Amino acid sequence: MPVEFLGIAATHDGSETHPRSGPAFDKDYTLRLARAHEDHGWDRVLFAYGSGSPDPSPAAAFIASRLEKLQILLAHRPNVSYPTYAAKTFATLDRISDGRLTVHFITGGNDHEQRREGDTLTKDERYARTREYIRIVKKIWTTHEPFDHEGEHYRFHDFVSDTFPVQQPRPGVSFGGSSPAALETGGAEADVYCLWGEPLERTAEQIESVRAAAAAAGRARPPRIQVAFRPVIAPTEELAWDKAHRTVAAIRDRREKGEATTVRHHRRGAPENTGSQRLIAIAAEGERYDRALWTPTAAATGGAGNSNALVGTPETVAQALLDYYDLGVDILSARGYDLLGDAIDFGRHVIPLVRAEVAKRDAERARREARPAAVAEPDALAAGRR
């Protein structure tokens, strides 16, 4: 199966290890970073969402109008706009990008962050709203006749859009989460299910949970699986581990000073979302797992977001990613701490190795699938002669 790579479309150069050097939306840097991804083999970039961050939709439109190949994953929280409005916005962006849009629906795992924009629903209520929201958006994208909707969270009458996406029947829907409510919603509605990087055994368990949720929802095909990491690569193993320890030291220093992005956006204390709780528990059990997974980066951020690292040479990190590919993961999400430099290095030194190995696996699989027919043919001929 094909493999795809997802990077980050940050709007400034700051990260967990260093403050930004300019405004929250640095137009020139945003374009440089996106172009670096397009020029170095990445398939798409994520435009993330935060309550006080630059709005990702116009930022994505800005990039889509200037680059020709790079695909867009647009993060969207259902609480910030009505689904009729959002569906038109997404369709317009799919038009601007000539059909390069996927929408990542975020339910929200932190009550404090959600309340910053007036969202007071409980977590389970938010998941129910997200499921209703996604279904409405899909229907608007694909329905050319006016329709009414009377749901738990949304009501409207006689709506029909005059703006439809390029992609047919519709753009892709991406979703993530580790709680039972998340699995139920994403298993039913997502085309891509997003996981944070965990040890191989636990990732395999999560993949089976996603597939089971999709089957329970009556789907013939489960969502594609995406897994996210923070790679730390260098020419030698020694240099990579030295870089990893310096990275964690920088994260801790900023966090202690109250400067880190995770501190500004979320209050201190135990995380509320299941995904972050899982990362913290895994880090408490050990620092190193499997071939290259390293947990102190997650521990240093309090399990915030995509934060487990893969540490090593490009060859080591590529093999680690292939281990996840062999589990059934076909979208690999990665971002470093020097966003621009690391995107270029990963694109130059890791992506080609993974793609080459995937091509070998696909070729071998095709040979194995073709072999029984070739073996059976002489037997059939012999039977015909008897």
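The values are calculated or read from the model by the stated rules, or taken from the named source; none is laboratory data. Since the model is a prediction, treat every value here as computed from it, not as a measurement. Reconstructed Cβ throughout: ideal geometry from the backbone, glycine too, with neighbour counts over all protein chains shown. Side chains are part of the model used for accessible areas, which takes the heavy atoms of the whole protein and leaves out ligands, DNA and RNA. Shrake-Rupley method; radii C 1.70, N 1.55, O 1.52, S 1.80 Å.
Can you name the strands (runs of 3 or more DSSP E) wholly within the range 146-238 that have at least 1 residues being open to solvent by less than 10 Å² (accessible area, probe 1.4 Å) and in contact with a Ser or Thr (Cβ under 9 Å, 6 or more places away or on another chain)? Spell out how you get there, then give the answer.
Values: elements: 147-150, 155-159, 172-176, 192-196, 224-233.
Passing ranges, in order: 172-176, 192-196, 224-233.
Looking at the range 278-301, which of its residues are without any contact (Cβ under 8 Å) to a residue 40 or more places away in the chain and within 26 Å of Ala182 (Cα to Cα)? Working first, answer last.
Filtering the range 278-301 for residues without any contact (Cβ under 8 Å) to a residue 40 or more places away in the chain gives 280-281, 283-288, 291-292, 295, 298-299.
Selection gives Ile280, Ala281, Ala283, Ala284, Glu285, Thr295, Ala298, Ala299.
For the range 2-34, which residues satisfy the criterion of being farther than 17 Å from Asp342 by Cβ, surrounded by fewer than 19 Cβ atoms within 10 Å (Cβ to Cβ) and among the charged types (D, E, K, R)?
Glu4, Lys27, Asp28
Which of the following residues is touching a Leu at 6+ places or on another chain (Cβ under 7 Å) and on the phi < 0 side of the Ramachandran plot: Pro222, Pro231, Pro180?
Details: Pro222 fails: touching a Leu at 6+ places or on another chain (Cβ under 7 Å); Pro180 fails: touching a Leu at 6+ places or on another chain (Cβ under 7 Å).
Among Pro222, Pro231, Pro180, only Pro231 is touching a Leu at 6+ places or on another chain (Cβ under 7 Å) and on the phi < 0 side of the Ramachandran plot.
Go through the range 60-102 residue by residue and tally those that are among the small types (Gly, Ala, Ser) and either within 18 Å of the chain's Cα centre (by Cα) or open to solvent by 40 Å² or more (accessible area, probe 1.4 Å) (or both).
Within the range 60-102, residues that are among the small types (Gly, Ala, Ser) and either within 18 Å of the chain's Cα centre (by Cα) or open to solvent by 40 Å² or more (accessible area, probe 1.4 Å) (or both) number 3.
Taking the range 239-260 only, how many residues are at positive phi and part of a helix (DSSP H, G or I)? Explain how you work it out, then say what you get.
First, pick out the residues of the range 239-260 that are at positive phi: 258.
Filter once more, keeping what is part of a helix (DSSP H, G or I): none.
Residues in the range 239-260 being at positive phi and part of a helix (DSSP H, G or I): 0 in total.
Any idea which of (1) out of contact with any helix residue (DSSP H, G or I) (no Cβ under 9 Å at 6 or more places or on another chain); (2) within 19 Å of Glu272 (Cβ to Cβ) is the one Asn79 doesn't satisfy?
(1) is the only condition that Asn79 fails.
Pull out all pairs, ordered by first then second residue, where Cβ-Cβ is under 8 Å, the residues are six or more apart or on different chains, the first lies in the range 140-162 and is acidic (Asp, Glu), and the second is open to solvent by less than 100 Å² (accessible area, probe 1.4 Å) and not in a loop (DSSP other than H, G, I, E, B).
Within 8 Å, the pairs are Asp148/Phe156; Asp148/Phe159; Glu152/Ala128; Glu152/Arg129; Glu152/Glu132; Asp158/Phe147; Asp158/Asp148.
May I ask you to verify whether Ser53 is open to solvent by 40 Å² or more (accessible area, probe 1.4 Å), within 25 Å of Phe229 (Cα to Cα) and either touching a residue at least 60 places away in the same chain (Cβ under 8 Å) or in contact with a Phe, Trp or Tyr (Cβ under 9 Å, 6 or more places away or on another chain) (or both)?
Working: open to solvent by 40 Å² or more (accessible area, probe 1.4 Å): yes; within 25 Å of Phe229 (Cα to Cα): yes; either touching a residue at least 60 places away in the same chain (Cβ under 8 Å) or in contact with a Phe, Trp or Tyr (Cβ under 9 Å, 6 or more places away or on another chain) (or both): yes.
Yes, satisfied.
Taking Gly7 as meeting all but one of (1) over 29 Å from Arg155 (Cβ atoms); (2) touching a Lys or Arg at 6+ places or on another chain (Cβ under 8 Å); (3) among the small types (Gly, Ala, Ser); (4) in a loop (DSSP other than H, G, I, E, B), write down the number of the exception.
The one condition Gly7 does not meet is (4).
Sort out which residues of the range 103-143 are open to solvent by 40 Å² or more (accessible area, probe 1.4 Å) and among the acidic types (Asp, Glu), and write them in order of number.
Residues satisfying the conditions are Asp111, Glu117, Asp124, Glu125.
Output yes when any residue across the range 75-97 is touching a strand residue (DSSP E or B) at 6+ places or on another chain (Cβ under 7 Å), within 22 Å of Asp111 (Cα to Cα) and small (Gly, Ala, Ser), and no when none is.
yes
Among the residues of the range 324-356, write down those that are without any contact (Cβ under 8 Å) to a residue 60 or more places away in the chain and crowded, with 21+ Cβ neighbours inside 10 Å. Steps first, answer last, please.
Applying the first criterion (without any contact (Cβ under 8 Å) to a residue 60 or more places away in the chain) to the range 324-356 yields 326, 341, 353, 356.
Matches in the range 324-356: none.
Given the conditions (1) hydrophobic (A, V, I, L, M, F, W, C); (2) at pLDDT below 95; (3) crowded, with 23+ Cβ neighbours inside 10 Å, report the number of the one that Leu321 does not fulfil.
For Leu321, the exception is condition (2).
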